[in-house]
Amino acid sequence: MNKYEIRTNQKKEAIIQSALELFREKGYTSVSINELAAASGVSSVSIYNYFGSKEGLVKECVRILLRETTQAVERLLNEGIGFKEKLMQAVALCTEMPNKRMEHYFSKEAIDDQVFVELFSKSTSEIRMDILGAFIESGREEGAIDASISTETVLEFLQAVGCMQNQWGTASEYRSKVGELYKLMLYGLIGR
């Protein structure tokens, strides 16, 4: 890596760390690009050059926050367990961890910021769909997923399942329904 690349990476890292700190404290709407630039010691132009927009910066922050979850799910692909078990664990990780990270990492002000929550959820959903797409392909290779159903349709179905889970208001409601939902997802109404 040359000096320019090193400096660029340092600037990006400073922006991301400042953004995480400011978004954690204030949410999204209350933080300006100028405030992000001042906190990270760069110009506002640098933020636009590296991330395209404040929304792009949120997406990168989410990717970093979910790196641990992403790595855990990717390790699942290589585990010596059956596809159904892998898929159930992956869906659970992709559903539970982002919500836990959000509640643990961000302040009440950030969580109350509807725009921030929507951007966080959208970015999380995109990452989740990329991960689950790899699982679907793996399931096809193992013969566990019907090859006549497109990956796109399976992903849309899983998004609908995620929307249902987002409707559940409490942790106890989640715990009581998640097993039934996974069974319905894997075996359908008729079962096997």
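The values are calculated or read from the model by the stated rules, or taken from the named source; none is laboratory data. Small disclaimer: the values here were computed from a predicted structure and weren't measured. Cβ atoms come from the backbone with ideal geometry, glycine included; neighbour counts cover every protein chain shown.
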Give the residues of the range 45-98 that are surrounded by fewer than 20 Cβ atoms within 10 Å (Cβ to Cβ), among the hydrophobic types (A, V, I, L, M, F, W, C) and farther than 30 Å from Ser172 by Cβ, sorted by residue number. Val45, Ile64, Leu77
Extreme residue, modelled with the highest pLDDT, among residues of the range 99-120 that are over 21 Å from Gln71 (Cβ atoms) and surrounded by 15 or more Cβ atoms within 10 Å (Cβ to Cβ): Leu119
Within the range 17-63, work out how many residues are over 17 Å from Met102 (Cβ atoms), of a type in the set (A, V, I, L, M), part of a helix (DSSP H, G or I) and in contact with a helix residue (DSSP H, G or I) (Cβ under 7 Å, 6 or more places away or on another chain). 5
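For residues that are among the acidic types (Asp, Glu) and over 14 Å from the mean Cα position of the chain (by Cα), scanning just the range 74-109, find the one that is farthest from Asp146 (Cα to Cα).
Per the stated criteria, the residue is Glu109.
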In the range 135-160, residue farthest from the chain's Cα centre (by Cα) [restricted to those that are of a type outside the set (Ser, Thr, Tyr), surrounded by 15 or more Cβ atoms within 10 Å (Cβ to Cβ) and part of a helix (DSSP H, G or I)]: Arg140
Can you find a residue in the range 72-86 that is assigned by TED's automatic domain parsing to the domain that holds Arg128 and farther than 28 Å from Gly139 by Cβ? no
